[in-house]
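Only one structure is covered here, and it is reproduced in the block below.
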Amino acid sequence: MYRIGFIGCGNMGGAMLQGIVSQGIVDPSEIIVSARSQETVDAVHERYGVDVTLDNTKACRASVVFLAVKPQMYEAVIAQIAPHMDEDAVLVSIAPGKSLAWLEEKSGMRKVVRLMPNTPAAVGEGMTAVVPGDACEDADIEAVLSLVNSFGASEIVPERLIDAATAAAGCSPAFVYMFIESMADAAVAEGMARAQAYRFASQAVLGAAKMVLESGQHPGALKDAVCSPGGTTIEGVRVLEQRGMRSAVAEALIATVAKAQRL
């Protein structure tokens, strides 16, 4: 039996797989991945060196099985793989809107875990919320966390907060990319080359995030430190406040929570 199985390997599954393989936590020979097309499984094998199959019932024969298909496919795929899974395996969901109780009922599995990862996992900077089911033993949780932490950071949260975690980390990279693109557009408008503008904007976001994580200071205090009296930064902050940046960001995240709860 394999140590890790991936049912599906789309953007999120691929990001997680990239992190796990690149950190050498598990040898590629101990991982099996299933996908729906021969083109996809060939590409996955070529890129990661893992075993691949078109048959989900083969990929689920592992100690830890990541269900990395679209939420709307969960019920059908679970019905397909459940009879073939080891009763002591851990089934790991990465879908919003599918509760632990739902997963246990549909799969008949005792050990289930919900994850909410994000795509920066592909570069080892993921942030993942982890919700273990009650039947998971300490060794099961440690096994899942060792995999998750290979592609970034993680925190165990109560299930009632997983939709908030989805908003704060799972969806928000898309909004950050929009922010970077907007900053780069402004730099291009002022004469900077596009590639250079992306480097400047991206490094600024990376550095600012690192300052928040490592300094221990409130984001507002860090913002104030950049805003010299009568300077350029405070003028930009004034315009962002005028245009409702804070409200727009908050409302976008709240909307993602509402959507997750409807899935």
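The values are calculated or read from the model by the stated rules, or taken from the named source; none is laboratory data. Keep in mind that this is a model prediction, so the values were computed, not measured. Neighbour counts are summed over all protein chains in view; Cβ atoms, including those assigned to glycine, are modelled from backbone coordinates with ideal geometry. Note: areas computed on protein heavy atoms with side chains; ligands, DNA, RNA excluded. Shrake-Rupley method; radii C 1.70, N 1.55, O 1.52, S 1.80 Å.
Candidates in the range 48-60 are the residues that are at negative phi and touching a residue at least 24 places away in the same chain (Cβ under 8 Å); of these, the one that is most open to solvent (accessible area, probe 1.4 Å) is Lys58. In the set (1) touching a helix residue (DSSP H, G or I) at 6+ places or on another chain (Cβ under 8 Å); (2) open to solvent by less than 60 Å² (accessible area, probe 1.4 Å); (3) at pLDDT below 95; (4) within 17 Å of Arg3 (Cα to Cα), the condition left unmet by Ile32 is number (3). Looking at the range 11-29 only, could you name the residues that are of a type outside the set (A, V, I, L, M), closer than 16 Å to Val144 by Cβ and modelled with pLDDT under 90? The answer is Gly19, Gln23.
One line per residue, one yes/no per condition, for (1) open to solvent by 70 Å² or more (accessible area, probe 1.4 Å); (2) touching a Leu at 6+ places or on another chain (Cβ under 9 Å):
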| site | (1), (2) |
| --- | --- |
| Ile156 | yes, yes |
| Ala167 | no, yes |
| Ile180 | no, no |
| Ala186 | no, no |
| Glu190 | yes, no |
| Ala193 | no, no |
| Ala197 | no, no |
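Given (1) more than 21 Å from Gln18 (Cα to Cα); (2) more than 21 Å from the chain's Cα centre (by Cα); (3) of a type outside the set (Asp, Glu); (4) open to solvent by 30 Å² or more (accessible area, probe 1.4 Å), where does Cys136 come up short, assuming only one miss? Going through (1) more than 21 Å from Gln18 (Cα to Cα); (2) more than 21 Å from the chain's Cα centre (by Cα); (3) of a type outside the set (Asp, Glu); (4) open to solvent by 30 Å² or more (accessible area, probe 1.4 Å) one by one, Cys136 breaks only (4). Only one residue in Arg246, Arg262 is more than 19 Å from Asn118 (Cα to Cα) and in contact with a Gly (Cβ under 8 Å, 6 or more places away or on another chain). Which one? From the options Arg246, Arg262, the qualifying one is Arg262. Looking across the range 75-122 at every residue that is over 23 Å from Leu54 (Cα atoms) and among the hydroxyl-bearing types (Ser, Thr, Tyr), the one that is surrounded by the most Cβ atoms within 10 Å (Cβ to Cβ) is identified as Thr119.
Remark: pairs (first residue in the range 1-14, touching a residue at least 60 places away in the same chain (Cβ under 8 Å); second residue surrounded by fewer than 22 Cβ atoms within 10 Å (Cβ to Cβ) and of a type in the set (Ser, Thr, Tyr); Cβ separation under 8 Å; 6+ apart in sequence or on different chains) = Met1/Ser63; Tyr2/Ser63; Arg3/Ser63; Ile4/Ser63; Asn11/Thr119; Met12/Thr119.
Residue-wise test of (1) more than 20 Å from Val26 (Cβ to Cβ); (2) part of a helix (DSSP H, G or I); (3) modelled with pLDDT under 95.
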site: Lys98; (1), (2), (3): yes, no, yes
site: Ala121; (1), (2), (3): no, yes, yes
site: Ala129; (1), (2), (3): yes, no, no
site: Ile141; (1), (2), (3): no, yes, no
site: Ser146; (1), (2), (3): no, yes, yes
site: Cys171; (1), (2), (3): yes, yes, yes
site: Ile180; (1), (2), (3): yes, yes, no
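Scanning the range 123-133 for residues that are without any contact (Cβ under 8 Å) to a residue 40 or more places away in the chain and under 17 Å from Lys98 (Cβ atoms), we see that the one that is most open to solvent (accessible area, probe 1.4 Å) is Pro132.
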